[in-house]
Amino acid sequence: MCIAFLVKIIGIVVFAFGLGGVVKSGNFKKMLKSFSASFADIYIVGILYIITGFSLRGTKMPLLMQIFGWALLVKGMIMLVLPDTVSKIMDKMADTAAIVKIYPWILLVASIVLIYLGFFVCICTCQ
C-alpha cells in the first residue's frame, strides 16, 4: 500500500474525528469515557497505531512524517503493554473539561498537517 494513500486516509479520518469533537464536545467526552472502559478498544487502536507508525517511519519520508510515525509506534506499544494505565489516563482526560475542549482542536491541526503531507508532499514509495 502506498504511504501517501495511508497518510491521506488517516488525515481525513482524524479530521472528521476532530471536527466531531469540536462540534459536539459532549459526544467527544462520552467517546473518551467509552474508550477508556474498553480494553479491547485500547488493544485494537494500539495495534493500528503500531501498523501505521511502522509504515510512516520509513527513511524516504519527510522528517515530520518520520517523527509522527515513531510517535504512533511508541504510543501503540504503550497501549498494548500498559492498557490499564492508558485507560486511567483516558478516563481522567474525559473528566477534564479543558482537555475535552482543546484536544479536538489539536486533532484538527494534526489532521490538516497529515492531509497536507499526504496530498502535496508525500512521495509514493511503493513503486
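Read-outs: derived from the displayed coordinates by stated rules, not from any lab. Quick caveat: nothing in here was measured; it's all calculated off a predicted structure.
Computed from Cα positions, the angle between helix 97-116 and the longest principal axis of the chain comes to roughly 10 degrees. Hey, what did the chain get for relative contact order, percent, Cα under 8 Å, at least 6 apart? Relative CO of the chain lands at 46 percent.
Could you tell me how many degrees, from 0 to 90 and to the nearest 10, lie between the Cα long axis of helix 39-56 and the main elongation axis, the longest principal axis, of the Cα atoms of the chain? Helix 39-56 sits roughly 20 degrees off the main axis of the chain. Compared with the alpha-carbon gap, the fully stretched path from Leu63 to Phe120 is longer by 19.0 nm at 0.36 nm per residue.
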